[in-house]
Amino acid sequence: DDPQPRFSDVSVDLNNMEEIISAVHKAAANGGELEGLGKIIPLLTQLRDTSMAGFGAGYTSMSRSLGVLIDPAADRPVVFSRDNVRSACQAMARYRRAVLVEDDDGFLLGIVTPTDILKKVINEGISPDVTAVTSVMTENPDTATRETTFKDALHMMHDNKYLHVPVVAIVPGLLGGPQKRALGCVDVVEIICGAFGRNPPRRMALQ
């Protein structure tokens, strides 16, 4: 049996970009373990195997790389390990996305998403002013590079049930081992819009 849900399993018109975006937002809105995401992302990853003719002239290949979504001139969504949770929340509001946590040498330590804030700060009733961002971040997150394809990034998201992927450059570390320097952070809606040649809607960060 095919474990992946087919198009008919979910009422989403893949000719309609707004429906796709809405479906992903609904999946994200579930919060927690993002149960709805498991039914949406497999549909999107199947785009690579579906005739381009069925999606109109705006459809583009899932083989594009994440580098097209990273603006080297833009501010990076980054906070530092010495910052508190309030600083991370302010950065999320400013960048409208999850934020990455770097050490003083500029290397990636973790990622903080709205779900981290909800579960680890608000639900626990702790103060964002006295709580270090390093205590609520997800450490050593999976990462992608500028060369990672949309297809591979969506597979990562589906397999691991998350909606954000840090994009990094691998550089030599001070102690000789490779380190990761953050270039940016992309989310599932940006990838989908990029695949269809559309700009992502203005929104708050997904969970």
- prompt: Of all residues in the stretch 85-107, how many are in contact with a strand residue (DSSP E or B) (Cβ under 6 Å, 6 or more places away or on another chain) and among the acidic types (Asp, Glu)?
  reply: 2
- request: Using the structure shown, decide if residue 129 is in contact with a helix residue (DSSP H, G or I) (Cβ under 7 Å, 6 or more places away or on another chain), of a type outside the set (A, V, I, L, M), more than 20 Å from residue 162 (Cβ to Cβ) and in a loop (DSSP other than H, G, I, E, B).
  value: yes
message: Criterion first (of a type in the set (Asp, Glu) and either in a loop (DSSP other than H, G, I, E, B) or in contact with a strand residue (DSSP E or B) (Cβ under 9 Å, 6 or more places away or on another chain) (or both)) does residue 147 satisfy it?
response: yes
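Just to be sure, is residue 168 of a type in the set (A, V, I, L, M, F, W, C) and surrounded by fewer than 11 Cβ atoms within 10 Å (Cβ to Cβ)? Walk me through how you get there before you give the answer.
Values: of a type in the set (A, V, I, L, M, F, W, C): yes; surrounded by fewer than 11 Cβ atoms within 10 Å (Cβ to Cβ): no.
No; evaluated as a whole, the condition is false for this residue.
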query: Do we find a residue being open to solvent by 10 Å² or more (accessible area, probe 1.4 Å), in a loop (DSSP other than H, G, I, E, B), in contact with a Ser or Thr (Cβ under 9 Å, 6 or more places away or on another chain) and among the polar types (S, T, N, Q) anywhere in the stretch 108-121?
result: yes
- prompt: When the stretch 137-165 is examined, which residues are found to be farther than 19 Å from residue 193 by Cβ and either open to solvent by 30 Å² or more (accessible area, probe 1.4 Å) or within 13 Å of the chain's Cα centre (by Cα) (or both)?
  reply: 138, 139, 140, 141, 142, 143, 145, 147, 159, 160, 161
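The values are calculated or read from the model by the stated rules, or taken from the named source; none is laboratory data. Bear in mind that the values here come from a model prediction, so they are computed numbers and not experimental data. With ideal geometry, Cβ positions are generated from the backbone for all residues, glycine too; neighbour counts draw on all protein chains shown. The protein model used for the area step is the full one, side chains on, heavy atoms only, and it has no ligands, DNA or RNA in it. Shrake-Rupley method; radii C 1.70, N 1.55, O 1.52, S 1.80 Å.
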